[in-house]
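For reference, the structure discussed in these notes is given below.
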Amino acid sequence: MWIQTPEGDEFVRELSKQLVDQFAPEELEIFDELYSDYKKHPTGLAPEQGADDALGSGLGEIMVAITPAASAMVTAVISFVVSEVLKATQDEGSEKIKSKVKSLFNPKAPGKAAALSPEQMEKVQKLAAKRALDFGLSAQQAKQMSLALVGSLSMQ
Amino acid sequence: VEANRPPEGKLNPFALPTETDARFLLLMISALAVAFLLSDPLRYILDPNAINPYAALPPAPGDIPVDEFFQAQVKYGMQLMLASISALILPLFLIGMTFLLAAVLYWDHPRRIRRRKVTVPLSSQSDPRFEQELAALSTQAGLQGLPNIELGKNLAVQDGQAFGVGRKKSLYLDGGLRILLRKSVENFRAIVRHELAHIVNRDIDKTYFAQSLWTAVLIVTILPLVVLVMYFFVSSTYLKIVDGLTSAELQEILFIKFPSFIGFVLPSIGLIILILLTRAGLLRTREFYADWRAALWGSASTLASIFELQSRRRKTGLNPLRLHPSPAERLNTLKKPDLLFGVSADVPFVVGVFTSSILNGLIPIFLTMMITVPPGIIALNSSLVDYARLHPEVPLTFFRPFIYGLLAVTNLVNLILALMPFLILAPLAASTIGLQVQRQALADLAGRNGGIRPYLSLVVPALWMGLGMVVGVFLSPLAILAPDSLASSIFAMICLVLFILLIWLVLVYTRFIGGRLLGSHAKLTRPDGKNRLLSVLIAILFFSIEMPLVAAVFLDKTAAPDMLQALLVLAALALGMFLLIGGTFAFHWIVFHVYRLIRPVKCPSCGQISSESAVVSRNCQRCGKNMVPWLYVTH
């Protein structure tokens, strides 16, 4: 799948970075490390209850990083969009599909790509929110970020 | 009105030392006692011929001619000493091995933590902001330089762990703390301060060494013995079953072997569980103190909000083996430090258990040593006497100092060896339960909780300690203090009741004198000297109770005297102890009043003499400032 190619990965990375810039700019300083960590654990880690080691803090996870959640959301959304574009344009070549997907996320892209329908938009928003919840974000954060991500699509 | 207004702030948890230090020591000494106690059956199993090292001894010199008497005395003393040494070889060897293994495990713990956590050392300039913040926090904690920082790779968690050997300790910090620094610097500081507090509170060496020592005891003595006992039980039973069991053999298995086996294995399991529970309870208490230290460094509100959030997020069930208190407990203790000034049930119980188990282990050690060292000295003395007898040309005055000196040394060594277990245990009891009562007395003065009721309620810790003593006797493998007949059981029960009553009186004394002595300490600094003095006095009282009563139980069991005679001796002992405690009470009360007449309480700020001697929760009648600032903190 295109998303797994270096080009696709770079695309996910850039979109994730934009989302992080919007919601957790303080993480940009260590975005690259967080993104590579996400690539190693793309399904997310179970929330930590605190290790209970002797002379540890016993507190475990105090604050959830936004970057892995944002990256997971972007990955899920792009995968969805790619599959939807594929369904709609089965006779077209991969290069064309790729540029269509890219243009969907790029308001300045030349040529008008087919926008997603309101039902698809709702579906993709729910999907993104679910991924955010999987990565330990609060329901409110998940909703805000998923709306922002879908908003970048509906800008078309 | 101003003077009666309670001072601002909360109780300072560090106003007096904590009892946990002594509890760690109890945990460690009990490890050695158990190791020694268990090494004896190992000796029997490994070398069945060595069952009785004294069997081959000649009879003690009796009605033999003077010419031969001293030679026989020397021979007997030397043989007795060698026999005792042979009985000590394996236990001492095993204790040596235990210490060696404990030292190795302790020295190796940093490597094990690094390997388990897959850490990488924080490299210079890899994250300057992180490094700068850590350096600033270490300086605030009063550390000489930054501890060794080991970073974890997991960026999703923000935990830490303090560890290390030697002067420079190490801090393991999860990778997630680097994110936390960027997202919430106060949360970051709270976690790191908590870990630094473990270093400053000197938790590291005690925690890891106590853990290493018990692991070593488990590996060197408990496990080999359990395995050997199981092997002998199973193999002998199996062989008999294979050969066909006779009725007598079945009875032997069911009523002798199996109960003996269970009677050995169950206490061992119980002891291990108790050690784990004690360790967990100790570490949980140390966590409260680490939280409080971090709070005093400026993380009080942050820690409170973290605990509040976590207590809402996760409900922790009751797990007595957890090494950390629940977030709700931590929040509660942060809000109410008075909780660290109470007398809990677990401390007197644990002190009781360890007192028994240590006595069970130490009494045989010191008895064996008493049979080892003094006979050697007596043999030397006898040879001197014999030499003097055979050489009349040498004046007797030349030998006399040596002979009397050696006899004095013998008696002194005997006395020290007999008292040694109690000389070790009494200060530890004073530094645990005694210290808790001192802390509670202060907290009650601060909370103006007076009257007779707190004194009466001290019977509860006394009961817990008594119960702990009983449990400790039965949890000690080869319980030498456990009564073995109805008469000795009745006698032991009477001793126990007397013990509880006397311990209660000592606790009442501690509260009464402690409250007056510490409660009149109107200084800027902690009353360390007064606290030490009190601990010594309480230790003497504990010693005066424990030593005669334990000796009574032991002698009653071994010598089996006439019941009435034993009870009369016990009554005389009890009378003596009541008089001692009462006399001490009255004498110290008078001394205290005289002391305060000579040195009245003065305000530490303006020097105004106070009309009251108990000035906790009082402000100066002239300047209005807190009379005991060392007892309060504001954050």
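The values are calculated or read from the model by the stated rules, or taken from the named source; none is laboratory data. This structure is a prediction, so every number in the text was calculated from the model and none was measured. All Cβ positions, even for glycine, are placed from backbone atoms using ideal geometry, and neighbour counts span all protein chains on display.
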Task: Segments classed as helices (runs of 4 or more DSSP H), wholly inside the range B:156-269, with at least 2 members that are within 11 Å of chain A (Cβ to nearest Cβ) and within 25 Å of the chain's Cα centre (by Cα) - done: B:185-200, B:204-217
- [ ] Tell me, please, whether a residue that is under 26 Å from the mean Cα position of the chain (by Cα), loosely packed, with under 14 Cβ neighbours inside 10 Å and modelled with pLDDT of 85 or more can be found in the range B:299-310.
- [x] no
Task: Members of the range B:156-175 that are without any contact (Cβ under 8 Å) to a residue 24 or more places away in the chain and either touching a strand residue (DSSP E or B) at 6+ places or on another chain (Cβ under 9 Å) or surrounded by 20 or more Cβ atoms within 10 Å (Cβ to Cβ) (or both) - done: B:A156, B:V157, B:K168, B:D174
Open item on the list: What's the total number of residues in the range A:115-133 that are within 28 Å of B:L155 (Cα to Cα) and either polar (S, T, N, Q) or surrounded by 16 or more Cβ atoms within 10 Å (Cβ to Cβ) (or both)?
Closed with: 8
Task: Restricting the range B:93-136 to residues that are within 13 Å of B:Q211 (Cα to Cα) and not aliphatic (A, V, I, L, M), the residue that is surrounded by the most Cβ atoms within 10 Å (Cβ to Cβ) - done: B:T98
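Away from chain A (no Cβ under 12 Å), farther than 21 Å from B:F354 by Cβ and either touching a Ser or Thr at 6+ places or on another chain (Cβ under 6 Å) or of a type outside the set (A, V, I, L, M, F, W, C) (or both): which single residue out of B:A304, B:A295, B:A300, B:A328 fits that description?
Numbers: B:A304 fails: either touching a Ser or Thr at 6+ places or on another chain (Cβ under 6 Å) or of a type outside the set (A, V, I, L, M, F, W, C) (or both); B:A295 fails: either touching a Ser or Thr at 6+ places or on another chain (Cβ under 6 Å) or of a type outside the set (A, V, I, L, M, F, W, C) (or both); B:A300 fails: either touching a Ser or Thr at 6+ places or on another chain (Cβ under 6 Å) or of a type outside the set (A, V, I, L, M, F, W, C) (or both).
When all the criteria are applied, what remains is B:A328.
Condition test on B:P348, is it in a loop (DSSP other than H, G, I, E, B), more than 11 Å from chain A (Cβ to nearest Cβ) and of a type outside the set (A, V, I, L, M)? It would help to see each step written out before you state the result.
Details: in a loop (DSSP other than H, G, I, E, B): no; more than 11 Å from chain A (Cβ to nearest Cβ): yes; of a type outside the set (A, V, I, L, M): yes.
Criteria not met by B:P348.
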Open item on the list: With the requirement that a residue be assigned to a helix (DSSP H, G or I), in contact (Cβ under 8 Å) with a residue 24 or more places away in the chain and out of contact with any Leu (no Cβ under 7 Å at 6 or more places or on another chain), what does the range B:302-328 give you?
Closed with: B:T302
Task: Given (1) under 30 Å from B:L101 (Cα atoms); (2) buried (at least 16 other Cβ atoms within 10 Å of the Cβ), index of the condition B:L266 fails - done: (2)
Task: Verdict on B:I581 being of a type in the set (V, I, T), touching a helix residue (DSSP H, G or I) at 6+ places or on another chain (Cβ under 7 Å) and assigned to a helix (DSSP H, G or I) - done: yes
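Residue under question is B:R622, and the condition is that it be within 30 Å of B:P337 (Cα to Cα) and over 35 Å from the mean Cα position of the chain (by Cα); does it hold? Please lay out each step first, then the result.
On the way: within 30 Å of B:P337 (Cα to Cα): yes; over 35 Å from the mean Cα position of the chain (by Cα): yes.
Yes: the conditions hold for B:R622.
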Task: the range B:141-155, subset more than 7 Å from every other protein chain (Cβ to nearest Cβ) and over 15 Å from B:L196 (Cβ atoms), residue surrounded by the fewest Cβ atoms within 10 Å (Cβ to Cβ) - done: B:K153
- [ ] Being modelled with pLDDT under 90, under 27 Å from B:F366 (Cα atoms) and either surrounded by fewer than 17 Cβ atoms within 10 Å (Cβ to Cβ) or in contact with a His (Cβ under 9 Å, 6 or more places away or on another chain) (or both) narrows it down to one of B:A572, B:A552, B:A559, B:A566, so name that one.
- [x] B:A559
Open item on the list: Residue under question is A:M145, and the condition is that it be under 11 Å from the mean Cα position of the chain (by Cα) and either assigned to a helix (DSSP H, G or I) or surrounded by 21 or more Cβ atoms within 10 Å (Cβ to Cβ) (or both); does it hold?
Closed with: yes
Task: Evaluation of B:S138 against (1) touching a Ser or Thr at 6+ places or on another chain (Cβ under 9 Å); (2) more than 10 Å from chain A (Cβ to nearest Cβ); (3) small (G, A, S); (4) farther than 30 Å from B:D40 by Cβ (one fails), failing number - done: (1)
Task: Selected residue [modelled with pLDDT of 85 or more, crowded, with 20+ Cβ neighbours inside 10 Å, at the interface with chain B (Cβ under 7 Å from one of its Cβ atoms) and out of contact with any strand residue (DSSP E or B) (no Cβ under 7 Å at 6 or more places or on another chain)] from A:L55, A:L34, A:L15 - done: A:L34
Open item on the list: Out of the residues in the range B:577-602 meeting the condition of being in contact with a strand residue (DSSP E or B) (Cβ under 9 Å, 6 or more places away or on another chain) and either in contact (Cβ under 8 Å) with a residue 60 or more places away in the chain or farther than 30 Å from B:N626 by Cβ (or both), tell me which one is surrounded by the fewest Cβ atoms within 10 Å (Cβ to Cβ).
Closed with: B:K602
Open item on the list: Looking at A:V64, A:V81, can you tell me which residue is of a type in the set (V, I, T), under 24 Å from A:K143 (Cβ atoms) and part of a helix (DSSP H, G or I)?
Closed with: A:V81
